[in-house]
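Quick notes on the structure that follows.
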């Protein structure tokens, strides 16, 4: 979470406290300071997730995209045809726009970023394809150099005729697609099982396998054949699946009540808990248990607290306010 987003959150949080809570103004200030501390601590816990939405606050500049923050062009896409723009986005206001070069029709090129050396990882991105009946696109395509140079392990191949092929060369699921629509693409890559899972809009499409000698991915690409069209990319996320702090537990199901509370807090919505840990605004562990029994908070200082919940396979974090 960037500093700008923290400040925006604090502003919203201050309004919430003012209108919805009986706390005093002085208490509001204490809560805001606690909020900032706990947000920074929470951000440290989830540092194994990298999020890229091409915002100015992340260090990106409008204009030529090549060379910004580890991203590069390749092939027949030059600097003038890949741009950071603020005309369309799914997260924030910026995205990356790649447009066709008429002089390079049917010659492939695109943008790419190196992949981290995780043994299990997830890579996702929002993509927007400008037109049908024009270019072919290969979105979120994965390349390794462990066996053959730039061996494609899989991806999402969007053909000009609205056909979409998901998978690798041997495991393919065929679907259709629409132009001028955002899609969220995701791959989960496991170098232990040698499998890749493919998702579109959080729906699993298929699973492919790859060569047992492959132990890494060199890069992930977004590419096309420069034929009378273009595409947009936004909201790229890279996660280390072996070390998630905020994970697959559905945080919408976790219920902490009452919240805010002045005496006890109760939990609902999680089974098979292994450990619950609560941290104050400075990041200090103040409570730990292996059950969801009601917790007496009467003697705790007023402020915002971070709750970390661990089950057999996953972890999640949430927050509550002590009045």
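Any read-out appearing in this document is the output of simple, stated calculations on the displayed coordinates, not a laboratory observation. What you see is a predicted model; the values in this text were computed from it and never measured. Don't worry about glycine lacking a Cβ; one is built from the backbone with ideal geometry, like all the others, and counts go over all protein chains shown.
The modelled label-to-label distance for the pair residue 107/residue 197, using points 7 Å beyond Cα in the direction of Cβ, is 4.1 nm. Net length available on complete extension from residue 178 to residue 287 is 34.2 nm, with 0.36 nm assigned per residue and the Cα-Cα distance removed. Centre-to-centre, using Cα atoms only, region 47-114 and region 127-162 are separated by 16 Å. In this simple spin-label approximation, residue 62 and residue 165 carry label points 7 Å from Cα along the Cα→Cβ vector, and these lie 4.0 nm apart. Taking other C-beta atoms within 10 Å as the exposure proxy, 164, 129 rank 164, 129 from fewest upward. Net length available on complete extension from residue 119 to residue 228 is 35.4 nm, with 0.36 nm assigned per residue and the Cα-Cα distance removed.
By the count of other C-beta atoms within 10 Å, a proxy for reagent exposure, 289, 141 are ordered fewest to most as 289, 141.
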